[in-house]
Amino acid sequence: MDEDGSQEKIIVAENKQRGIDIFDICLFISTTELCIGYLRGVGLLVVKRICSICNIEMSKIKRKDISDGEFFRCTECMTKISIRKDSIFENSRLQLKHLMMIVYFFGIDLQIYECGKLIHSLSHTTVIEWFSILRGICSKVLIDMPWKLRRDISGNVIEIDESLFGKKRKYHRGTGNQNVWVFGATERSTRNAFMQIVEKRDMATLLPIIKMHIETGSTIFF
């Protein structure tokens, strides 16, 4: 792999053109090097790292006796840093290939019990924990990202909806109402979406949100 990550970018670009399938995943996890290359290409692992002490670029050191196969090391102070540092995988002891499979299963909306059938080494609890982490990341992106849904040449169709999120109190115990209303919209053609927590569901609250996130001229379905 190239030091600047160009090879990883080429691999990712090729798969973006046609989408990624299970055969691609099997190829990428066939070796640790390919797995790391793909994860770097999609931005889940960093390609380069600067030493916080010496302020110079750290070297990638190959080691067959460690699970990830390589780590970053500063040539001046000899500080070592895991390639997982500052990634969603940082605190996990799972192999990267297993983590990559979990992310793929989550992306294709596979049921949790089905994941265990496909990879016997993954416990039910592990899959539940990681699906929860990934759902949290997706929720944060959808809520925080200032997306604007745009109409294409044919006129995009936008579906909007509001949902109540929260949990029920058992036997009338616990704190008061913990439910929140979430307003969101999705483009039918691209599946791009946004969500926003709202205190009220009246027109005075929702109309400014619609104007901010949905391009004028779009067809909106309630």
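Residue-by-condition table, conditions (1) modelled with pLDDT under 95; (2) in contact with a Leu (Cβ under 6 Å, 6 or more places away or on another chain); (3) at positive phi:
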{"position": "L44", "(1), (2), (3)": "yes, no, no"}
{"position": "S52", "(1), (2), (3)": "yes, no, no"}
{"position": "I56", "(1), (2), (3)": "no, no, no"}
{"position": "S59", "(1), (2), (3)": "no, no, no"}
{"position": "F71", "(1), (2), (3)": "no, no, no"}
{"position": "M78", "(1), (2), (3)": "no, no, yes"}
{"position": "L94", "(1), (2), (3)": "yes, no, no"}
task = Name, by its number, the condition in (1) at pLDDT below 95; (2) touching a strand residue (DSSP E or B) at 6+ places or on another chain (Cβ under 6 Å) that does not hold for F28.
result = (2)
inquiry  = Go through region 163-199 and report how many residues are modelled with pLDDT of 85 or more and over 19 Å from L142 (Cα atoms).
reply    = 0
ask   = Counting just the residues of region 120-142 that are among the β-branched types (V, I, T) and in contact (Cβ under 8 Å) with a residue 24 or more places away in the chain, which one comes out surrounded by the most Cβ atoms within 10 Å (Cβ to Cβ)?
value = V127
remark   = Taking first residues from region 86-97 that are among the acidic types (D, E) and second residues anywhere that are assigned to a loop (DSSP other than H, G, I, E, B), the pairs with Cβ under 8 Å that are 6 or more apart or on different chains are D86/V46; E90/R84
note = Within region 203-222, restricting to residues that are in a strand (DSSP E or B) and of a type in the set (V, I, T), the one that is nearest to N192 (Cα to Cα) is I214
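The values are calculated or read from the model by the stated rules, or taken from the named source; none is laboratory data. A quick note: this is a predicted structure, and the numbers were derived from the prediction, not measured. Neighbour counts run over all protein chains shown; Cβ positions are idealised from the backbone, glycine included.
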